[in-house]
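The values are calculated or read from the model by the stated rules, or taken from the named source; none is laboratory data. All of these numbers come straight from a predicted model, not from anything done at the bench. All Cβ positions, even for glycine, are placed from backbone atoms using ideal geometry, and neighbour counts span all protein chains on display.
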Amino acid sequence: MNSLFKVSKIKFINRPKGNIFKLIQNINNKIKFDELYISELNSFKIKAWKFHEKKIQRIYIPIGKVKVAIYQPKIKKIKTVVLGEASKKMITIYNGVFYGFKSISKKKSLILNLTYFSNKNKNKPLNQPDIKNIIL
C-alpha cells in the first residue's frame with residue numbers, strides 16, 4: 001500500500017435491468033463519513049490543487065474519464081492514476097498530500113467523493129505546487 005493513496009477495485013454486479021456498482025460496505029459500523037457529494041468536471045478541464053490536513057477522500061468516477069494526480073512535496077514526485085466508467089476502480093487519497101483532477105473525456109465527467117476525518121494529523125507543507133510546472 002502506498003502512503004499517499006490506494007487504488008481499489010469496486011464490486012461490479014451485472015444485472016439485466018441495470019448494473020450495480022458497490023463502492024463501500026459498512027461492516028460493524030467501522031466506516032463513518034462526513035460528506036458525500038458529486039462534482040462535475042468539464043471536458044479536458046483541470047481542478048487542482050487540493051489539500052486536506054485531516055480529511056481522507058474516497059473518489060469514484062461513475063461517468064467520464066479522469067486522470068487523478070497525487071503530489072507530495074517532500075519527495076517532489078507526482079503519481080497519476082486514470083479512473084473512469086470502464087476502470088471499475090476507486091481511489092482513496094490520504095490526508096497530507098496535494099491532489100488534482102484532469103478530465104480526459106470528450107464528455108463531462110462526474111466525481112463522486114466520500115470524505116471522512118482521519119485521526120492522523122499531517123502538517124501542511126509551506127509551498128503549494130505550481131500547476132504550471134506540474135503537468136496533469
Query raised in the report: What number of residues within segment 39-52 are loosely packed, with under 12 Cβ neighbours inside 10 Å and modelled with pLDDT under 90?
Result: 0
Query raised in the report: Only one residue in ASN121, ASN95 is at pLDDT below 85 and among the polar types (S, T, N, Q), so which one is that?
Result: ASN121
Report task. Enumerate the pairs (first residue in segment 82-96 and of a type in the set (Gly, Ala, Ser); second residue anywhere and in a strand (DSSP E or B) and modelled with pLDDT of 90 or more) with beta-carbon separation below 6 Å, excluding pairs fewer than 6 apart on the same chain, so at least 6 apart or on different chains. Result -> GLY84/ILE61; GLY84/LYS65
Report task. Take segment 70-105 and flag every residue that is under 11 Å from the mean Cα position of the chain (by Cα), farther than 18 Å from LYS9 by Cβ and surrounded by fewer than 17 Cβ atoms within 10 Å (Cβ to Cβ). Result -> THR80
